[in-house]
Amino acid sequence: MQWRDEGLVLGGRKFGESGLILDVLTRERGRRSGLVYGGASRKKRAQYEPGNTVDLSWSGRLEEQLGRFEVAESSRQRASRLIDLPLALNAVASICALLRGALNEGDHAGSSLFAATEMLLDQLDSDEVWPALYVRWELGLLAALGFGLDLEACAVSGSNDGLTHVSPRTGRAVKGSEAAEYIDRLFMLPNFLIDARSPATDQDIAHGLELTGHFIERRLFNTMNRDMPEPRRRLVAKLARPLAL
């Protein structure tokens, strides 16, 4: 069997002396793994840094077995462009760790995230843009895996204006005025998540990450008996630093 596709590099692990078992998110076939002969060599390993996009072909006897990747020399190398931007590199690590942790081998649901993930990765050198995109990307991750939040209308009144909070139990938006007695139990809903024209402050980003993190951990990783990936925890801690100044 054989197929060709584009793949976002999520990571890899060394195999033998210079081989690499490469994990990728493909445009058409979800998350896939394959053996790259010589992929861990000094000459080639820069091509396989997490966050890069590669053109590859897979071959093997059965789809469910580990096959072999042949990777074209050309690739979109992002890690080298971000080498002087440590926070952006933290974001790359978080994105890749979330996808590796949330998607199983052959899980096609992840392919719906391919274009959005590439767009986010390509914006990571724009500090004023990418944090808000990152929060929206995490909302998209939840939706793609069947755990999307309902931010369209108030769970209490059905109104679609003045939404300010989200229930940690149901993931539905509410008006603070409709749930005053429960307000301290609700998550803040930053306006930029319901109005693309709204700017996002550092505090908005923090509230957004708190919201998405709760549901990623509760609805996704807890159900798989896995912990929230450490790169995601580190990213949140670093993005929260401006609030502490």
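The values are calculated or read from the model by the stated rules, or taken from the named source; none is laboratory data. Just so we're clear, the structure is a prediction, and the values are computed from it rather than from any experiment. Quick reminder, even Gly has a Cβ in these numbers, built from the backbone with ideal geometry, and neighbours come from all protein chains shown. Quick note on the areas: whole protein, heavy atoms, side chains included, nothing else; ligands and nucleic acids left out. Shrake-Rupley method; radii C 1.70, N 1.55, O 1.52, S 1.80 Å.
Annotations
- Overall Cα dimensions of segment 2-76, principal axis frame, Å, largest first: 29, 26, 17
- Over the chain, DSSP H runs of length four or greater, each weighted -39,500 (n - 2.57), average out per residue to a 222 nm ellipticity of -8500 deg cm²/dmol.
- The antiparallel fraction among DSSP beta bridges confined to segment 52-187 stands at about 90%.
- Residue-span extension gain [S74 to K238] - 0.36 nm each, minus C-alpha spacing: 55.7 nm
- In segment 39-138, GluC sites (Glu not before Pro) in a DSSP loop with at most 14 other beta-carbon atoms within 10 Å: E63, E64, E105, E128
- Taking the charge dipole of the chain about its Cα centre, with +1 at Lys and Arg Cβ atoms and -1 at Asp and Glu Cβ atoms, the residue from V156, A79, M119 reaching farthest to the positive side is A79.
- Separation in nanometres of the label points that stand 7 Å from Cα toward Cβ, at N104 and E210: 3.4
- Length added when fully stretched, D195-D55, from 0.36 nm per residue minus Cα-Cα: 46.8 nm
- Accessible surface of segment 149-217 [probe 1.4 Å, protein heavy atoms]: carbon and sulfur percent: 45
- Computing mean projected area of the Cα convex hull in nm² directly from the structure and comparing it against (1) 15.6; (2) 16.8; (3) 14.7 singles out (3).
- Residue among F69, F114, F15 with the largest mean-square fluctuation in a Gaussian network model of the chain, springs linking Cα atoms under 10 Å: F15
- Heavy-atom accessible surface of segment 2-76: percent carbon and sulfur, 1.4 Å: 44
- The stretch between D150 and Q203, if pulled fully straight at 0.36 nm per residue, gains 16.9 nm over its current Cα-Cα span.
- Solvent exposure of segment 2-76 as accessible area per residue, Å², 1.4 Å probe: 52
- Candidates R45, R100, R218, ranked by Gaussian network fluctuation over the chain, Cα under 10 Å, top entry: R45
- Label point 7 Å beyond Cα of R226 along Cβ direction - residues of segment 30-69 with amide nitrogen under 20 Å: 30-35, 49-52, 64-67
- Accessible surface of W137 - all protein chains present, 1.4 Å probe, nearest 10 Å²: 10
- Between K43 and D127, the modelled labels are 3.9 nm apart [label points 7 Å from Cα along Cα→Cβ].
- The chain - charge dipole about Cα centre, Lys and Arg +1 at Cβ, Asp and Glu -1, debye rounded to 20: 840
- Average accessible surface area per residue within segment 80-151, 1.4 Å rolling probe, Å²: 39
- Beta bridges assigned by DSSP with both partners in segment 2-76 are antiparallel in approximately 95 percent of cases.
- The chain: antiparallel DSSP beta bridges as a percent of all, rounded to 5: 90
- For segment 86-161 and segment 199-240, distance of Cα centres in Å: 11
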